[in-house]
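Below is one structure, written out as structure tokens; the observations come after it.
Every number in this text was worked out from the coordinates using simple rules, so none of it is lab data. This is a predicted model, so every value here is computed, not measured. All Cβ positions, glycine included, derive from the backbone under ideal geometry; neighbour counts span all protein chains shown.
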Amino acid sequence: MEINKLVRPNILKLKPYSSARSEFTGEGSVFLDANESPFENDYNRYPDPLQNKVKEKISGIKNISKESIFLGNGSDEAIDLLFRIFCNPGKDNVIAIAPTYGMYEVCADINDVEYRSVNLDANFDIDTEAVLARTDGNSKIIFLCSPNNPTGNLLNREKMLTLINEFKGIVVVDEAYIDFAPQESFINLIPKYSNLVVLQTFSKAWGQASVRLGMAYSSPEIISYFNKVKYPYNINILTQRHILKVLEDKGLVESQTKEILAQKEYLIEQLNKMAKVKKIFPSSANFVLVRIDDADNVYQKLVDKGIIVRNRSKITLCDGCLRITVGREDENKNLINALSQI
């Protein structure tokens, strides 16, 4: 696929801002190029605009070249950049499943891009024919979240591959919860598919939600457009240094992920004993979607007890549902005790 034919004409012609730190890379002893303060205090210099040390570390962990990695201020920055790179305002459209992560639609609205949603089936899976039927000559992106939010399930891999193969645009696979799932990442397929973008994050399994660091993986060509459009210093030095330390302790992340998955099984087991719980949907994430009697009332009574879950009752196909994040053992027991008293 010729990616440059999908890119907005103004982005193709764009001459990106050239920062002092992008014009010179290497070692130096006297830096008089960036109008920085000369008084060293550990923060007086601009950070690496391409976060090379962080990308090198991620590259080794994910087994992908650093030229195929973009780092953003959360995955939301990468999502927004996809619209700004590929979608002409007032003309183009994107397609997404429903229900799914709400920022796709928010970014579409901000960028004046038509957002077309296609409902999942009764099992919260993709109807590939329905998705492709919603596309036309101005369709630029399909968003697929797997494991999906708020449903928690993995989408059918073969159906996703059908869309990647047949859609004449960009397919974004959002894998924010992939570390909790039994399925391998789509990252391994990036060399095969020039139109594939995979999103991941440090917010979930890595436990770094407040740090705000997301990753986009794709072909070096697409990543070059991300780097062309992004703000010069989008990832500050505090974040870069912190994440380098976090990446040194992958064992901790793995052990915490195992504990969360074990606690998820406990939570499901206890919820299944409750008459008020009508259905627990299959989950490959760190949360469960639960259909429950009088969900609005249950939600409010949990709030009154200081226990906050997410009320998804008004979301497409999620009527009467609460989304419950798996917590620590004591938190999960508090939730179960509270529910048993409602």
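Spin-label point model (7 Å from Cα, Cβ direction): what's the D294 to E40 distance in nm? Distance between the two pseudo-spin positions: 6.7 nm. By the count of other C-beta atoms within 10 Å, a proxy for reagent exposure, L289, L271, L322 are ordered fewest to most as L271, L322, L289.
What's the exposure ranking of S146, S340, S284, S210, going from fewest to most Cβ atoms within 10 Å?
On the way: S146 27, S340 11, S284 20, S210 6.
Ranking S146, S340, S284, S210 by Cβ neighbours within 10 Å, fewest first, gives S210, S340, S284, S146.
Among the listed values [x] 23.8; [y] 19.2; [z] 16.3, the one matching mean projected area of the Cα convex hull in nm² as calculated from this structure is [y]. Axis of helix 220-229 versus longest Cα principal axis of the chain: the two differ by about 80°, to the nearest ten degrees.
Straightening the chain between E158 and L238 buys 24.8 nm, computed as 0.36 nm per residue apart minus the Cα-Cα spacing. Secondary structure note: in the chain, about 50% of the DSSP beta bridges are antiparallel. Using only the alpha-carbon atoms, how far is helix 157-166 inclined from the longest principal axis of the chain? Give it as 0 to 90 degrees, nearest 10. With rounding to tens, the tilt is 40 degrees. Excluding the site residues themselves, the longest part of the chain lacking any trypsin sites (Lys or Arg not before Pro) in a DSSP loop with at most 13 other Cβ atoms within 10 Å is 1-90.
Under the rule a/c < 1.5 gives rounded, and otherwise a/b versus b/c splits prolate from oblate, where does region 156-232 land using the Cα gyration tensor?
oblate
Taken as Cα centroids, region 35-76 and region 93-147 sit 31 Å apart, rounded to the nearest whole angstrom. What is region 251-340 by shape, rounded, prolate or oblate, if you read a ≥ b ≥ c off the alpha carbon gyration tensor as root eigenvalues and call it rounded for a/c under 1.5, prolate for a/b larger than b/c, and oblate otherwise? The shape class here is prolate.
Taking Cα atoms only, the orientation of helix 329-340 departs from the longest principal axis of the chain by about 40 degrees.
The shape of region 71-128 comes out oblate: with a ≥ b ≥ c from the C-alpha gyration tensor, a/c is at least 1.5 while a/b does not beat b/c.
Fewest to most neighbouring Cβ within 10 Å: what's the order for D42, D92?
With the sparsest Cβ surroundings first, the list reads D42, D92.
Counting only residues at least eight positions apart within a chain, or on another chain, the lysines with an alpha carbon under 19 Å from that of K273 are K264, K333.
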